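K.L.:
Dropping a structure here in structure tokens format, bear with me for questions.
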Amino acid sequence: MTASVKLTERQYRLLDTTSKLVGLVLVAAGLEVGGSTPTGIALAIVGAACATATVFITNE
């Protein structure tokens, strides 16, 4: 059984834009603290996950 989230077009666009901006900020923060440090790598991974989170959400 798969649970899916359905959003209106406006809600989806807002969530999509917000998640991509948050992801971008986290990746930039990871580069700022050092891209090869454990903290930098963790921030980049979390940022990439945030930026792609809306791939799994269906809009109406």
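K.L.:
Using only Cα atoms, find the angle between the long axis of helix 9-34 and the longest principal axis of the chain, and express it within 0 to 90 degrees, rounded to the nearest 10.
P.N.:
The answer is roughly 10 degrees.
K.L.:
If you don't mind, another one. For the chain, what is the accessible area per residue in Å², given a 1.4 Å probe and the full set of protein chains?
P.N.:
Values: 4500 Å² over 60 residues.
Result: 75 Å² per residue.
K.L.:
Would you mind telling me the share, in percent, of accessible area of the chain contributed by carbon and sulfur at probe 1.4 angstrom?
P.N.:
Values: 3100 of 4500 Å².
Carbon plus sulfur share of accessible area: 69 percent.
K.L.:
On C-alpha positions alone, give me the angle between the axis of helix 38-51 and the longest principal axis of the chain, in degrees, nearest 10.
P.N.:
That helix lies at roughly 20 degrees to the long axis.
K.L.:
Go through (i) 40, 27, 9; (ii) 85, 16, 14; (iii) 44, 15, 13 and flag the label whose value is the computed Cα extents along the principal axes in Å for this structure.
P.N.:
The listed entry that was calculated here is (i).
K.L.:
Once R0 is set to 35 Å, what does the formula 1/(1 + (r/R0)^6) return for the Cβ-Cβ distance between Thr8 and Ala28, expressed as a FRET efficiency to the nearest 0.05?
P.N.:
Details: r = 30 Å, r/R0 = 0.86.
That pair, Thr8 with Ala28, gives E of 0.70.
The values are calculated or read from the model by the stated rules, or taken from the named source; none is laboratory data. Keep in mind it's a predicted model, so treat the numbers as computed, not measured. Note: ideal-geometry Cβ built from the backbone for every residue, glycine included; neighbour counts use all protein chains shown. These accessible areas exclude ligands, DNA and RNA; they are computed on the full protein's heavy atoms, side chains included. Shrake-Rupley method; radii C 1.70, N 1.55, O 1.52, S 1.80 Å.
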